[in-house]
Amino acid sequence: MPELPEVETVVRSLVPHLPGRKILSAEFGSKHVTPGNRGALAGKLAGRTIRAVTRRGKHIVIGLDEGTLVVHLGMTGQLLLDATPKNHAYGIFHLDTGMLVYRDPRQFGSIAWHADLAKLFAKLGPEPLSVTVEEFAARLKKHKMRIKALLLNQSFVAGVGNIYADEILYAAKVHPLAMASKLSKPRVALIHQAMREILTMAIEHGGSSISDYVDAAGERGWFQILHNAYGREGEPCLRCGGAIKKILVAQRGTHFCPGCQKR
DNA sequence: CAGATCACCTGCTTGC
DNA sequence: TGCAAGCAGGTGATCT
């Protein structure tokens, strides 16, 4: 589910509600989502006051009066405010008023407490909505990788996932298998601009709900209706009318238009 | 370093 | 209808 626009939407839906609230207690029920000593984690959180909720890449960063709670939604994670815990609720935070529930059927997400955020984020690339075109171009030059694989690499830019990588390359008319370091300056600028526009528009639409993504209030996003490439295999390209093709790049399903996207 | 392969886990869709 | 295979928004380990 969750790439930068979805995580940003979840964060924005939490910001009006969480800061100032106190975590009275917490319970965790998955050794995958919360590896290690789950009782110790609950102990770390009990009594803490939430100061702020922000985002870094695909991570939800919940600043506490002592340390930081970092939540990653993996593929199917949901952070729900004042929801009744249903199946797959592997994290429950009892607040002074209401509760916060973490659901994650596939358990690929993670919940952890960190004293040192700098260490956790040391290998993360820049934010795609903040990185300048100059820095973006300079970083591209350093990698002999396929552009699609590079966009997915969180140490290159933090937050782009499989849906938005496809949409960005479609908008920029760049073939997903193009070699990153060999892209011309104008094409790099097109990718950079497309990245900004697509992610910004997706945030404005509350992200993309393909199957189970919802924000903290349980609201679905609407950007999926504006997808031009992702999930449109065999359907006509909205620019040239040719069929959208699906191939495998970096082991991920990759949708593009062979007619408009050149290497 | 690039990148392929596999693994983690559940649930939904597809094909026989 | 039933069942097995395939696939899914992510990431990290391991091997070539």
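Straight-line reach only, C-alpha to C-alpha below 27 angstrom: list the lysines that A:Lys144 could link to, leaving out same-chain residues fewer than 8 apart.
A:Lys58, A:Lys119, A:Lys123, A:Lys173, A:Lys182, A:Lys185, A:Lys245, A:Lys246, A:Lys262
For chain A, what is the mean residue ellipticity at 222 nm derived from helices alone (per DSSP H run of n ≥ 4: -39500 (n - 2.57); sum divided by total residues; nearest 500 deg cm²/dmol)?
Helices in chain A give a 222 nm mean residue ellipticity of -7500 deg cm²/dmol.
With Cβ to Cβ distances under 13 Å as the rule, what net charge do the other residues near A:Leu120 carry (K, R +1; D, E -1)?
In short, +3.
Please give the peptides A:243-251, A:148-156 ranked by average Cβ packing (other Cβ atoms within 10 Å per residue), highest first, as a rough proxy for protection.
A:148-156, A:243-251
May I ask for the net charge around A:Gly242, where only other residues with Cβ less than 14 Å from the Cβ of A:Gly242 are counted and Lys, Arg are +1 while Asp, Glu are -1?
After counting each charged neighbour, the total is +4.
What is the packing order of peptides A:33-44, A:196-207, taking the mean over residues of other C-beta atoms within 10 Å and listing the highest first?
Packing proxy ranking, top to bottom: A:196-207, A:33-44.
From Cα pairs below 8 angstrom and at least 6 apart in sequence, can you work out the relative contact order of region A:125-167, rounded to a whole percent?
Rounded, it is 50 percent for region A:125-167.
Restricting the count to DSSP beta bridges whose residues both fall in chain A, what percent are antiparallel, rounded to a multiple of 5?
Percentage antiparallel, nearest 5: 95.
Within a Cβ distance under 14 Å of A:Gly39, other residues only, what is the Lys/Arg minus Asp/Glu net charge?
Taking every other residue near A:Gly39 into account, the sum is +2.
Could you run the Debye sum over the Cα atoms of region A:4-120, one equal point scatterer each and no solvent, and tell me log10 of I(q)/I(0) at q = 0.13, 0.20 Å⁻¹, two decimals?
-0.42, -1.13
Each value in this text was obtained by applying a stated rule to the coordinates, not by laboratory testing. All figures in this text were calculated on a predicted structure; none of them were measured in a lab. Note that each Cβ is placed from the backbone with ideal geometry, even for glycine, and that neighbours are counted across all protein chains shown.
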